[in-house]
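I have placed the structure first, in the form of structure tokens, so that the comments after it can refer back to it.
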Amino acid sequence: DGGSDRGCYAQLAVEPSFTIGSLGDAEIDLAMPVAIGFSLADYYEDSNGTDNAFGFVDIGVALSGPLTFVPGRLGPWTATLSVHALLLGDTAEEGNGGDALQWIGAFGLSTTF
């Protein structure tokens, strides 16, 4: 943040998900993550030292499914594709060049071993 005080931060999040269909033997899951971040004390300080309680809201959509065609000794592979809209509070907006809305797209691969 822009201030000089040490801060205290809190975040609440939920990510409901469910299976929306299948592609062959692979189930495709849809998740809808939502998170909100806020300052409990001096966390989102602006350049003037003012603490703003609201930091951001992150609303997303993610599709994931197993990559059953990938061979190997590791556990099952999963691919995830997601899009998030990040709505920023005043202090976070200041740190983002004045943009209050930030779109984030991501692609990920994971496995277990």
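Summary of computed values
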item	result
Residue among Val34, Leu23, Gly49 farthest towards the positive dipole end of the stretch 12-51, charges placed on Cβ	Leu23
Length gained when the stretch Ala26-Leu101 is fully extended (0.36 nm per residue, less Cα-Cα span)	23.5 nm
Protection-proxy order for peptides 25-31, 42-48, each taking the mean of Cβ atoms within 10 Å per residue, highest first	42-48, 25-31
Nearest-0.05 FRET efficiency for Ala10 and Phe69, computed from C-beta distance (R0 41 Å)	0.45
Protection-proxy order for peptides 99-105, 51-57, 78-84, 16-22, each taking the mean of Cβ atoms within 10 Å per residue, highest first	51-57, 78-84, 99-105, 16-22
Accessible surface of the chain, 1.4 Å probe, proportion on carbon and sulfur as whole %	59 percent
Accessible area expressed per residue, the stretch 1-76, with surrounding protein chains retained (probe 1.4 Å, Å²)	67 Å²
Sum of -39500 (n - 2.57) over DSSP H runs of 4+, divided by residues of the chain (222 nm, nearest 500)	-1000 deg cm²/dmol
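The values are calculated or read from the model by the stated rules, or taken from the named source; none is laboratory data. Nothing here was measured: the structure is a model prediction, and the numbers come from that model. Positions of Cβ are generated from backbone atoms using ideal geometry, with glycine treated the same way; all protein chains shown enter the neighbour counts. Remember, those area values only see protein heavy atoms, side chains included, never the ligands or the DNA or RNA. Shrake-Rupley method; radii C 1.70, N 1.55, O 1.52, S 1.80 Å.
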